[in-house]
């Protein structure tokens, strides 16, 4: 079981038209400032070994060109003991609704796809639904409507279609790839569109 | 392990001749009980007792030392001898070209004798022989009257002929449900207890019951499936054709703690089963009572995609409780047409307020039930009817029961009955149920069963567009 590097996971997702937040590996704070432009960004140090990034001081959010320098230095210092690592800069999405979309192989039924209320709520509310891959359009819609939080996630038919589309794409990617497990957590729904913000894909 | 493929179970469940290996004159032996049960149940085919020590007759039948000595077509061989002798007996069944085998004997994989069980599988494959068991109760069938259950007939009620077939991995659950089916008043078609499922498993049985024309509703108690993807394949083909009610015992959470992703930690094995049931059109029962509740509505009532429910009642409070349950289950109360309302006003006494739920008052007799059912069942705004008949009231008697049977079997919309009460009520409940209309004793059970019928009808409808 090996986890794909962030940009490799992103490339795979993009191949299946799954929208991911704009990101780049950066090697210095200057590169991070250049990447940010006039927008706010997130910086994460990603060690090769999986660890809890935010608890270990490897993540800084909401950075603008003034705060990038200090945050970058601090992350580098914390990341020193987790070498080797890469530093990823990502554009920030403000507001929006977080969902998780994932996949796992069930020992009886094979590949299954999951959707749930995302971010910090995943474990607390355990509000999710599950289907065997490949899923149909009808399955995708039912998965969303089955959630207790469906009226928040899919406020209207347009939102329902958007989220169903994500599920169909993820199911397709999962069936056609050699991935064993995946978490797109969170995917942020915002402004009538969405962005996958964290990608965890295990081969 | 290579599999024999889809097994034809017809000869096992509907045999023209049976051989009992392990037959005995000793009433304590399982082989004896099985022969006695077949005699008692009225099995009409040939019976061949087999016992290696046979002296020529057992229980009045000509007996044989080996199945190979019979030299006639044997559809079903039942093996009830100690486990270590089973492989040899099975080998002989293969050579005798029997149609199928039920191995009652225990002492295989369930106690760690995987080697013995593997021998069974090997021999079954060699002769392309369908084998049920080992370690099971076997089969019973209300038409052929074959009965391999080694349970004394005075201890368990044997259901009458009907359209529900039931398959259970567990013998204990199987026999207790069998016992209950009789008291619920809907009949049985086939029954399978398949134990260790060494050869024939739930997928084979599902496939068989799906095609079986005697089976209107198939009901499964499973503890786990070995061939998940095959189950899905068969389910895709058959859940649209007939209702498959299922209950899964044993909630396992193994592996979820060590999971490396959120998805894996959330989606344990029981969640996966539940998702599969939903996705592929199985009707999941919450518990054994629910299993029976669902069986009786699916076997007697027509499909219905609408969710507007009319309530007629001879007790106000019960009507309110059913109304609550209707909305809790995502259904709604029907709004009758103007025409129905004015017709009802004509036939109901002045004390009856004509609205939904229709409270016909405590003195409602069969003629009031009859006129209400007549008007409500013809109303285009009504998809299904719940009739509440409280038999404690002065007007309710056996004529009310027969009115409910009359409408419940005649109209094209689902009609179910709610009756709460003691012995007088129970007598009428079984009368109504034997007449082909399901009766429930709680508003929640009645409505959730109706909701399951509507959900399934919608699944069938959408899938067949």
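For chain B, what does the convex hull of the Cα positions come to per residue, in cubic angstrom?
Measuring per residue, one finds 159 Å³ for the Cα hull of chain B.
Determine the calculated [θ] at 222 nm for chain B from helices alone, applying -39500 (n - 2.57) to every DSSP H run no shorter than 4 residues and normalising by the residue count; nearest 500 deg cm²/dmol.
Rounded to the nearest 500, it is -12500 deg cm²/dmol.
Using the 10 angstrom Cβ neighbour count as an exposure proxy, how do B:29, B:126 rank, fewest first?
B:126, B:29
Return the average number of partner chain Cβ atoms within 10 angstrom of each residue Cβ along peptide A:100-111.
6
Neighbour counts of other C-beta atoms within 10 Å: give me A:133, A:20 arranged from fewest to most.
So the ranking, lowest neighbour count to highest, is A:133, A:20.
When the Cα centres of segment B:120-143 and segment B:404-436 are compared, how far apart do they sit, in Å?
39 Å
Where Rh is the Kirkwood radius over the Cα pairs of segment A:1-146, the temperature 37 °C and the viscosity 0.692 mPa s, what D in µm²/s does Stokes-Einstein return?
So the translational diffusion coefficient is about 189 µm²/s.
Go ahead and run the numbers for FRET between residue B:179 and residue B:52, Cβ-Cβ distance against an R0 of 41 Å, rounding to 0.05.
Taking R0 as 41 Å, the efficiency between residue B:179 and residue B:52 is 0.75.
Whole angstrom only: what separates the Cα centroid of segment B:62-91 from the Cα centroid of segment A:8-39?
That distance is 72 Å.
What does the average come to when, for each residue of peptide B:230-239, you count the partner chain Cβ atoms lying within 10 Å of its Cβ?
1
Sorting A:23, B:176 on the 10 Å Cβ count, fewest up front, what's the list?
Fewest-to-most Cβ neighbours within 10 Å comes out as B:176, A:23.
Which length gain, in nm to one decimal place, applies between residue A:125 and residue A:69 when the Cα-Cα distance is subtracted from 0.36 nm times their residue separation?
Length gained, residue A:125 through residue A:69: 16.4 nm.
Which whole-number percent gives the relative contact order of segment A:97-202, counting Cα pairs below 8 Å spaced six or more residues apart?
31 percent
Based only on the alpha carbon positions, what is the Kirkwood hydrodynamic radius of segment B:401-446, in angstrom?
10.6 Å
Looking only at other chains, what is the average number of their beta-carbon atoms within 10 angstrom of each beta-carbon in A:181-187?
Mean inter-chain Cβ contacts per residue within 10 Å come to 3.
Taking a spot 7 Å from the Cα of residue A:155 along the direction of its beta carbon, which residues of segment A:173-203 have an amide N less than 19 Å from it?
Only A:187-196 pass the distance filter.
What does the convex hull of the Cα atoms come to per residue for segment B:302-463, in Å³?
Measuring per residue, one finds 95 Å³ for the Cα hull of segment B:302-463.
For segment A:74-111 and segment A:142-180, write down the distance between their C-alpha centroids in whole Å.
19 Å
In Å and on Cα atoms, what radius of gyration and Dmax does segment A:97-202 show?
12.5, 39
Please report the equivalent ellipsoid semi-axes of segment B:154-204, computed as sqrt(5 x eigenvalue) of the Cα gyration tensor, largest first, in whole Å.
21, 13, 7
In square nanometres, what is the average projected area of the Cα convex hull of the protein assembly as shown?
Here the figure is 35.9 nm², rounded to one decimal.
How far apart, in nm, are two points set 7 Å out from the Cα along the Cα-to-Cβ line at residue B:270 and at residue A:7?
Using points 7 Å along Cα→Cβ, the separation is 4.5 nm.
Rounded to the nearest 0.05, what FRET efficiency do residue A:146 and residue B:211 have when you use their Cβ-Cβ distance and R0 = 25 Å?
Taking R0 as 25 Å, the efficiency between residue A:146 and residue B:211 is 0.20.
Rounded to the nearest 500, what is chain A's calculated 222 nm mean residue ellipticity when only DSSP H runs of at least 4 contribute -39500 (n - 2.57) each, over all residues?
-10000 deg cm²/dmol
Please sort A:34-42, B:361-369 by packing, taking for each peptide the average over its residues of neighbouring beta carbons within 10 angstrom, highest first.
Highest mean packing first, the order is B:361-369, A:34-42.
Which three lengths, in whole Å and largest first, does segment A:22-91 cover when its Cα atoms are put on their principal axes?
Here the spans come out as 32, 20, 17 Å, largest first.
Every read-out reported here was derived from the displayed coordinates using simple, explicitly stated rules and does not represent laboratory data. For clarity, every value in this text was computed on a predicted model and none was experimentally measured. FYI the Cβ positions are ideal-geometry reconstructions off the backbone, even for glycines, and counts take in every protein chain you see.
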